[in-house]
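Below is one structure, written out as structure tokens; the observations come after it.
The values are calculated or read from the model by the stated rules, or taken from the named source; none is laboratory data. Nothing here was measured: the structure is a model prediction, and the numbers come from that model. With ideal geometry, Cβ positions are generated from the backbone for all residues, glycine too; neighbour counts draw on all protein chains shown.
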Amino acid sequence: MGRIVLFWLGLPPDPTIPYRQWLGFKDMIAGWILGAVILISVVILMFYWRSARRLKISNDRPLELFQPYRPLLWLWLSGIPIMLIGILFCYYYTDYFGASVIVIGYGIVAGLWAGLLTFMLSYTLLTLPVLGITPAKFKYRPLWLVYRHRGRRVLSSSN
């Protein structure tokens, strides 16, 4: 699993580290990355779902229609795996192999990879219409999908 998730870490940073031990370390870090990505994505989806359901649009204040969609701010939680995986990578590397080589750069890259995966997975799941996480009143629906047969008439009459 480490070869797939951490594909850029082919060889150990220190040539004295046995390759089999390096593969075991990569598998462990890949497990941490996948666990953090799944856990934080579920947390983001739960918070997003709750705040999207609470959001109301009232007819009294027309400017509310043009406010930013605040439930998407929960996607900032995808920064948690960046810090978590970066710290875990550096800690376990020094625990397994000793502090012979500075690996902060490797930890930062692994953390950024985990954060990017979390953001992409969460955003993809938020926008999937099958799951129904985003309420229908906030979904973008093009006219040609809403008015399938009448779409051309609606578009031509608006000009």
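For the stretch 1-25, what are the residues that are touching a residue at least 60 places away in the same chain (Cβ under 8 Å), surrounded by 10 or more Cβ atoms within 10 Å (Cβ to Cβ), among the hydrophobic types (A, V, I, L, M, F, W, C) and under 18 Å from ALA110 (Cα atoms)?
VAL5, LEU6, LEU9, PHE25
Right, ILE57: of a type outside the set (Asp, Glu), at pLDDT 90 or above, on the phi < 0 side of the Ramachandran plot and touching a helix residue (DSSP H, G or I) at 6+ places or on another chain (Cβ under 7 Å) or not?
No.
Regarding PRO71, is this residue touching a Phe, Trp or Tyr at 6+ places or on another chain (Cβ under 6 Å), assigned to a helix (DSSP H, G or I) and at pLDDT below 90?
yes
Results for (1) within 14 Å of LEU121 (Cβ to Cβ); (2) surrounded by 14 or more Cβ atoms within 10 Å (Cβ to Cβ); (3) in contact with a Pro (Cβ under 6 Å, 6 or more places away or on another chain); (4) modelled with pLDDT of 90 or more, shown as yes or no for each residue.
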site	(1), (2), (3), (4)
GLY31	no, no, no, yes
SER41	yes, yes, no, yes
LEU45	yes, yes, no, yes
PRO62	no, no, no, no
LEU65	no, no, no, no
ILE80	yes, yes, no, yes
LEU84	no, yes, no, yes
ILE87	no, no, no, yes
TYR91	no, no, no, yes
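Does THR134 qualify as being modelled with pLDDT under 85, among the polar types (S, T, N, Q), surrounded by 12 or more Cβ atoms within 10 Å (Cβ to Cβ) and more than 30 Å from TRP8 (Cα to Cα)?
Judged against the criteria, THR134 is a match.
For the stretch 1-38, give me the residue count where each residue is in a helix (DSSP H, G or I) and over 22 Å from the mean Cα position of the chain (by Cα).
The number of residues fulfilling the criteria is 7.
Condition (residue is modelled with pLDDT of 70 or more, in contact with a helix residue (DSSP H, G or I) (Cβ under 6 Å, 6 or more places away or on another chain) and surrounded by 11 or more Cβ atoms within 10 Å (Cβ to Cβ)) applied to the stretch 149-159: is it met by at least one residue?
Taking the stretch 149-159 first, the residues modelled with pLDDT of 70 or more are none.
The answer is no, given that none of the residues of the stretch 149-159 is modelled with pLDDT of 70 or more, in contact with a helix residue (DSSP H, G or I) (Cβ under 6 Å, 6 or more places away or on another chain) and surrounded by 11 or more Cβ atoms within 10 Å (Cβ to Cβ).
Restricted to the stretch 93-131, and to residues that are of a type in the set (S, T, N, Q) and in contact (Cβ under 8 Å) with a residue 60 or more places away in the chain, which residue is surrounded by the most Cβ atoms within 10 Å (Cβ to Cβ)?
THR118
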